[in-house]
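Here the structure comes first, spelled out in C-alpha cells, and everything after it is commentary.
The values are calculated or read from the model by the stated rules, or taken from the named source; none is laboratory data. Fair warning: this is a prediction, and the values are worked out from it, not measured in the lab. Backbone-built Cβ (ideal geometry, glycine too); neighbour counts: all protein chains shown. Accessible surface areas use protein heavy atoms only, side chains included; no ligands, DNA or RNA. Shrake-Rupley method; radii C 1.70, N 1.55, O 1.52, S 1.80 Å.
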Amino acid sequence: MGDNCIFCKIVRGEIPCRKVHEDDELLAFHDINPVAPVHFMLVTKQHLVSLAEADDSHAALLGRMLVLAPRLAKQQGLHNGFRTVINTGKGGGQEVFHLHVHIIGGGLIPPMVRRD
Ligand code: AMP
Ligand code: ZN
C-alpha cells in the first residue's frame, strides 16, 4: 500500500521533510506550501486514505492525533490557539490521499466559513 503515495514516501524517508515530531505511529512535518506563519501536518505512518476509510480499529490512532496536535502546536509557538483542518475526499478538497491533520496558526486566521 502507498507505493506512490507522497506522504508514505515522506514517512519512509524517500522524500525529505521538515520534521516536527515522530513516534511509532505518527509523523508531523511542515507544509511545503504554508497558508499561515505556522502550518504543519500530522500524518499517520500507516497509509490510510482519509477519514472516510477509517473504522473502529482506527479510533485510538485518530484519538492520539487529536491529543498530540495541541502539544505540537504549543511547541511551534501557537500559545493562543490554532486551527485544525482535515479534508476528506474530493468533495472536501483533499489533494493528498493519505490521512492528515493540518495544524495552522500565527498571524491572522480568518473565519473558516464566510457569511455575507
Ligand atoms: P490536502 O488538500 O488536505 O490534501 O492537503 C495537502 C497538503 O499537502 C497541501 O497543503 C500541500 O501543500 C501539502 N504537501 C504536498 N506535498 C508536500 C510535501 N512534499 N511536503 C510537505 N507538504 C506537502
Ligand atoms: Zn500514504
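The table that follows gives values for the structure above.
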read-out: Inter-centroid distance (Cα atoms) of the range 60-96 relative to the range 1-46, Å; value: 12 Å
read-out: Sum of side-chain charges, His30 neighbourhood, beta-carbon under 15 Å (Lys, Arg +1; Asp, Glu -1); value: 0
read-out: Computed accessible area, Val49, all protein chains, 1.4 angstrom probe, square angstrom; value: 40 Å²
read-out: Rounded to the nearest 20 debye, dipole of the chain from Cβ charges on Lys, Arg, Asp, Glu; value: 460 debye
read-out: Accessible-area order (highest first, 1.4 angstrom probe) of the listed residues Leu62, Leu108; value: Leu108, Leu62
read-out: With DNA, RNA and ligands ignored, accessible area of Cys17 (1.4 Å probe; Å², nearest 10); value: 50 Å²
read-out: R0 of 35 Å, Cβ-Cβ distance Ser57-Arg83: FRET efficiency to nearest 0.05; value: 0.80
read-out: Backbone N within the range 1-17 under 13 Å of label point (7 Å from Ile32 Cα along the Cβ vector); value: 5-11, 14-17
read-out: Dipole of the chain [Lys/Arg +1, Asp/Glu -1 at C-beta], most positive-end residue of Leu72, His100, Phe7; value: Leu72
read-out: Angle between the chain longest axis and helix 59-75 axis [Cα atoms, degrees, rounded to 10]; value: 40 degrees
read-out: Relative compactness, the chain, computed as alpha-carbon Rg over 2.2 N^0.38 Å; value: 1.05
read-out: Helix-only mean residue ellipticity at 222 nm for the chain, each DSSP H run of n ≥ 4 adding -39500 (n - 2.57), per residue, nearest 500; value: -6000 deg cm²/dmol
